Amino acid sequence: MNIEVTNNPILDTHPLLLTDSRFLSQPSKTLFIAIKGERHDGHLFIKELMEKGVKSFIVSEEWAKDNGVLLTKARFWVTANPVKTLQEIAVNHRNQFDIPVIGITGSNGKTIVKEWLSSILQKSKTIVKSPRSYNSQIGVPLSVWQMDSTHEVGIFEAGISQPAEMQSLQEIINPEIGIFTNIGSAHSEGFRSQKQKVTEKLRLFRKAKTLIYSQDYPELDEEIRIFLKAVNPKIELLSWSKNGKGTTTVDISKKDKFSKLNIYWNGEEFNLKVPFVDDASIENAIHCFFASYILLSKEYGSEEALKMIQTGLDSLKPIAMRLELKEAINNCYLIDDSYNNDFGGLQMALNFMNQHHINRKKTIILSDVLQSGQPKKELYGKISELLEGAEIEKVIGIGPDFINHKDLFNNIGAYSSVEEFLSRHPIQSFQNELILVKGARDFTFEKIVNELTHKVHGTVLEVNLDAVTHNLNYYRSLLPEKTKLMVMVKASAYGSGSTEVASLLQYHRVDYLAVAYTDEGVQLRENGIDLPIMVLNPQPESFKKLIDYKLEPEIYSLGLLQSLIKFIHFNDEPTKPLKIHLKLDTGMKRLGFIKDDVEELLNILHQESCLEVASIFSHLAASDSKKHKDFTLEQINNFEHLSGTLIRQLKDKPLRHIANTAAISNYPQASYDMVRLGIGLYGIDFTDSHQEELQNVASLKTTISQIKKVKKGETVGYSRMGLAKEDMRIATIAIGYADGFDRKLSNGKGQVWINGQLCPIIGNVCMDMSMVDISKVNAEEGDSVEVFGKQINIFDVAKTLETIPYEILTKIGTRVKRVFFKE
């Protein structure tokens with residue numbers, strides 16, 4: 001028995017800190033911090049982790065009181081608040097290092113500034129930084145825990161969502177240099193006012209020596225000079241302006257693809273060029289200049305520092321702030337993380353990999369890790385252990401370091417460059433694999449991604465997996481504590497991609513999935529989904545597959561029930577009772593048993609031991625409509641009586657469920673044992689009462705194929721339906737009715753979004769393409785076009801077409817590539 005009651009444990013090693021049991025990779029080296037959140041409780045997985053070999057835990061006093069037996073079987077630190085304890089561990093670790101640390105906060109741009117700063121500095125400094133956007137109460141301590149004696153500069157971002165959070169993050173990061181990127185409306189919900197949000201964020205810099213910020217945000221500037229100067233009077237304020245305010249000013253001259261910056265600071269003029277013309281990127285680049293100059297000029301002098309910074313700026317590219325999952329060749333799937341490669345980011349990418357297509361062989365294509373500062377043998381030994389723990393079956397390493405250390409890896413192919421890999425490794429040899437492509441930007445791994453991905457036309461449906469998770473958690477928050485959750489993934493998850501969405505739902509431990517037809521359930525089983533799956537429309541010819549793949553049919557009629565029983569007896573299957581779900585018709589008048597069927601239904605079920613009733617359910621016809629409230633309440637009442645009659649006479653103890661997405665919020669009394677979440681998961685609420693709480697999941701995008709000038713009086717498209725009433729510019733976009741872009745959107749009825757403007761359709765929508773009027777838009781061939789998503793609400797498109805969002809989503813053609821991403 002090894003138990004210590006403390007809020008600040010002293011660790012005698014440097015273990016891998018784990019807060020999510022699903023990301024376990026190296027059990028013997030792991031310290032698990034059991035955190036109880038709003039929706040999940042890490043303590044529930046302690047026993048499972050112990051069985052997998054984890055021997056060290058930080059747990060709450062509340063849990064420890066009731067689990068004395070488990071406490072004797074591993075090493076436990078018992079604490080009042082495991083999150084605070086994690087933070088204390090990080091503070092103690094941070095205090096061991098006396099290196100410059102840059103702390104970044106603000107409403108937008110934190111991660112971009114961090115990544116760009118790292119890119120500029122990494123040629124001369126060994127950097128430790130937050131993986132991706134690890135900026136929360138848990139993410140920050142995990143980021144700082146990466147620090148070791150090889151690092152020369154730390155760059156960490158901090159984000160908060162409510163008052164009193166930044167105090168803890170300041171103690172963990174303890175920045176010497178601060179950057180406040182900007183202030184906007186993002187994450188304002190938890191604050192009384194914008195002023196309070198600014199004040200809380202500024203607490204990150206209460207001990208900093210320098211703060212860099214733009215004076216062009218008046219509210220920010222005012223709070224810095226009043227609040228921060230009072231708290232930290234010695235702080236140097238490096239405030240700059242592109243509007244002529246103050247003593248440090250920036251003049252900006254924009255060209256086609258780059259901008260010239262003339263920076264006037266401390267009586268000197270600095271001339272730089274950045275490869276961007278948009279205001280947000282220019283602002284981020286200016287912040288990076290000041291921070292990197294402060295660090296580099298001390299060591300290298302002003303002239304050399306400027307050269308180093310300009311070289312870094314020249315190589316900057318828009319940051320791919322997300323992991324993308326997409327279809328690839330030969331039934332492979334590819335995770336595209338080709339913009340950088342560091343150890344912390346590799347851990348996150350592997351965690352994402354473990355959530356998807358778990359039945360496929362796992363392959364990684366990885367570049368050398370540049371400027372890590374660690375001894376090469378030690379670093380690549382760690383990488384090898386990490387990949388082994390993640391059960392990676394095939395490793396392809398690219399770069400001289402992988403060639404020199406390939407003996408540390410099992411089943412590795414090592415190549416000196418991307419070009420050598422593409423010329424020597426047969427691309428077609430990749431079959432039925434899940435491939436993670438992760439490389440430092442210098443290695444141009446986008447060439448590998450292009451070779452491995454399907455060559456399809458430019459129309460894509462982007463599916464935001466973070467938004468799916470957000471919507472799932474939102475609806476979970478509305479449920480009674482013990483109510484189970486079934487999620488509908490029929491019709492390819494409403495057009496979004498059933499396997500990928502189901503993998504995410506399995507990862508988030510929903511209780512049930514539901515599909516329309518047996519083949520949909522088979523596909524999920526073949527892709528590693530082992531959750532219970534209900535099949536809504538089972539056909540007699542699919543009974544064998546139902547049984548073979550452990551799918552659970554909806555039974556809605558006596559005839560279907562008798563057919564299933566006959567099949568089971570004739571084929572002597574299965575060895576244990578088959579779970580079924582009884583559908584009751586309480587007013588929908590579609591499928592289901594009615595009151596007159598109940599007696600015979602019970603007689604049949606009492607005689608048969610080959611079936612187990614897993615649930616009894618019904619379908620609400622109008623739960624989203626206030627005017628049909630009485631009818632809905634009548635349905636719920638009918639269900640209560642009919643299902644109650646069945647349950648009282650069945651030997652099984654089935655679940656009951658009738659609430660769909662709208663009823664979860666409109667009729668909480670109908671939650672019963674389980675609810676069915678459908679369109680709400682995908683960010684659509686027909687009740688209007690929750691739409692603001694949901695996030696958009698799917699965005700349909702295409703590209704401009706060609707631009708032409710059309711003279712007044714000329715016509716456009718089939719049947720000459722598009723008449724130019726004046727000289728105009730038109731763009732042909734790569735989407736048509738074969739992709740699900742409805743022909744009813746022809747002739748100005750539909751619009752698309754191009755470079756900040758709505759552009760009407762001109763002429764008829766064709767099978768494979770459409771034409772739009774871009775006379776008022778500055779656009780080029782290859783530019784992105786939004787059909788619906790962030791700028792064009794799918795509800796507006798549905799209203800134009802006199803239909804519902806369901807139809808639009810499910811009509812998107814199979815040739816439209818689905819790209820799944822996580823920020």
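The values are calculated or read from the model by the stated rules, or taken from the named source; none is laboratory data. Being a predicted model, the structure only gives us computed values, none of them experimental. Ideal geometry is used to build each Cβ from the backbone, glycine not excepted, and the neighbour counts take in all protein chains shown. Only protein heavy atoms, including side chains, enter the accessible area calculation; ligands, DNA and RNA are left aside. Shrake-Rupley method; radii C 1.70, N 1.55, O 1.52, S 1.80 Å.
In whole percent, what relative contact order does segment 403-516 give with Cα contacts below 8 Å and a gap of six or more residues?
On the way: 61 pairs, mean separation 20.5, N = 114.
Relative CO of segment 403-516 lands at 18 percent.
Would you check the accessible area of LEU323, probe 1.4 Å, heavy atoms only, in square angstrom rounded to 10?
10
Between the helical axis of 498-507 and the dominant principal axis of the chain, each derived from Cα atoms, what acute angle in degrees is found, rounded to the nearest 10?
Helix 498-507 and the main axis of the chain meet at about 80 degrees.
Give me the percent of the accessible area of segment 22-126 that comes from carbon and sulfur atoms, probe 1.4 Å, all protein chains in place. Please list the in-between numbers first.
Values: 2090 of 4440 Å².
Percent of accessible area from carbon and sulfur atoms in segment 22-126: 47.
Starting from the Cα of LYS709, step 7 Å along the direction of its Cβ; do the same at LYS484; then give the gap between the two resulting points in nm.
Going by the 7 Å Cα→Cβ label model, 6.7 nm.
Hey, what's segment 279-434 come to in accessible area per residue, 1.4 Å probe, Å²?
Numbers: 6030 Å² over 156 residues.
Heavy-atom accessible area per residue stands at 39 Å².
Probe radius 1.4 Å, ligands and nucleic acids ignored: give me the carbon and sulfur share of the accessible area of segment 508-635 as a rounded percent.
Using a 1.4 Å probe with all protein chains present, segment 508-635 comes out at 48 percent carbon and sulfur.
What number, rounded to the nearest 500 deg cm²/dmol, is the helix-based mean residue ellipticity at 222 nm of the chain, given -39500 (n - 2.57) per DSSP H run of at least four residues and division by all its residues? Kindly include the intermediate steps, with their values, before the conclusion.
Working: 27 runs with 256 residues, N = 823.
That comes out to -9000 deg cm²/dmol.
If you keep only loop residues by DSSP, which GluC sites (Glu not before Pro) in segment 703-787 have at most 15 other Cβ atoms within 10 Å of their Cβ?
Values: sites: GLU714, GLU726, GLU780, GLU781, GLU786; in loops: GLU714, GLU726, GLU780, GLU781.
Loop-located and lightly packed - GLU714, GLU726, GLU780, GLU781.
So how much accessible area does ILE127 have, in Å² to the nearest 10, using a 1.4 Å probe?
30
Let me have the relative contact order for segment 1-144, percent, based on Cα pairs under 8 Å that are six or more residues apart. The partial results should precede the final answer.
On the way: 178 pairs, mean separation 34.6, N = 144.
Normalised by residue count, the contact order of segment 1-144 is 24 percent.
Leaving ligands and nucleic acids out of the surface, order SER161, SER699 by accessible area at 1.4 Å, largest first. Don't skip to the answer; put the middle values down first.
Working: SER161 65, SER699 15 Å².
My answer, sorted largest first, is SER161, SER699.
Please compute, for the alpha-carbon atoms of segment 407-528, the extent along each of the three principal axes and give them in descending order in Å.
Computed over the Cα atoms, the extents are 57, 31, 30 Å.
Please calculate the 1.4 Å probe accessible area of ILE762, with all protein chains present, and give it to the nearest 10 Å².
20
Report, for segment 213-290, the % of DSSP beta bridges that are antiparallel, rounded to 5. The partial results should precede the final answer.
Values: 13 of 16 bridges.
Close to 80 percent.
As an exercise, identify the trypsin sites (Lys or Arg not before Pro) in segment 605-707 lying in DSSP coil whose Cβ has no more than 16 other Cβ atoms within 10 Å.
Values: sites: LYS626, LYS627, LYS629, ARG648, LYS651, ARG656, ARG676, LYS701; in loops: LYS651.
When the trypsin sites (Lys or Arg not before Pro) of segment 605-707 are filtered for loop state and at most 16 Cβ neighbours within 10 Å, LYS651 remain.
If you fit an axis through the alpha-carbon atoms of helix 376-389 and take the longest principal axis of the Cα set of the chain, what angle between them do you get, 0 to 90°, nearest 10?
10
Which order do THR444, THR661, THR13 take by accessible area at a 1.4 Å probe, largest first? Don't skip to the answer; put the middle values down first.
Values: THR444 35, THR661 15, THR13 90 Å².
Putting THR444, THR661, THR13 in descending order of accessible area: THR13, THR444, THR661.
Could you tell me what percent of the accessible area of segment 675-823 is made up of carbon and sulfur, with a 1.4 Å probe and every protein chain present? Intermediate results must be reported in sequence, preceding the final value.
On the way: 3370 of 7430 Å².
Taking all protein chains in place, segment 675-823 shows 45 percent carbon and sulfur surface.
Which order do you get for LYS799, LYS326 if you rank them by accessible area with a 1.4 Å probe, largest at the top? Please report the intermediate quantities before stating the final value.
Details: LYS799 165, LYS326 20 Å².
From most accessible down to least: LYS799, LYS326.
Give the distance, in whole Å, between the Cα centre of segment 499-541 and the Cα centre of segment 78-147.
So the separation of the two Cα centres works out to 39 Å.
Per residue, how large is the accessible surface of segment 641-693? Use a 1.4 angstrom probe and give square angstrom. All intermediate terms of the calculation are to be shown ahead of the outcome.
Values: 2120 Å² over 53 residues.
Here the per-residue accessible area is 40 Å².
Is there a quick way to get the dipole size of the chain? I mean about its Cα centre, with the Cβ of Lys and Arg at +1 and of Asp and Glu at -1; what is the value in debye to the nearest 20?
Numbers: 97 positive and 104 negative charges, 122 e Å.
Using Cβ point charges on Lys, Arg, Asp and Glu, the chain gives about 580 debye.
Exactly which trypsin sites (Lys or Arg not before Pro) in segment 470-576 are in a DSSP loop and have at most 10 other Cβ atoms within 10 Å?
Values: sites: ARG476, LYS482, LYS484, LYS490, ARG509, ARG525, LYS544, LYS545, LYS550, LYS566; in loops: LYS482, ARG509, LYS550.
For trypsin sites (Lys or Arg not before Pro) across segment 470-576 that sit outside H, G, I, E and B with at most 10 neighbouring Cβ atoms in 10 Å, the list reads LYS482.
Can you pull the one-decimal nm distance between simple spin-label points at PHE97 and LYS73, each 7 Å off the Cα toward Cβ?
3.6
With Kirkwood's inverse mean 1/r over C-alpha pairs for Rh, give me the Rg to Rh ratio of segment 684-823, two decimals please. Let's see the in-between values first.
Working: Rg = 15.4 Å, Rh = 15.7 Å.
Rounded to two decimals, Rg/Rh equals 0.98.
I'd like to check one number: the per residue accessible area of segment 713-766, probe 1.4 Å, reported in Å² as a whole number. Show your work: numbers first, answer last.
Details: 2630 Å² over 54 residues.
Per-residue accessible area for segment 713-766 comes out at 49 Å².
For the chain, what is the relative contact order in percent, using Cα pairs closer than 8 Å and at least 6 residues apart in sequence? Mind dumping the intermediate values first?
Working: 1667 pairs, mean separation 68.3, N = 823.
8 percent.
Relative to the longest principal axis of the C-alpha atoms of the chain, give the angle of the C-alpha long axis of helix 82-94, reported between 0 and 90° and rounded to the nearest 10°.
The angle comes out near 20 degrees.
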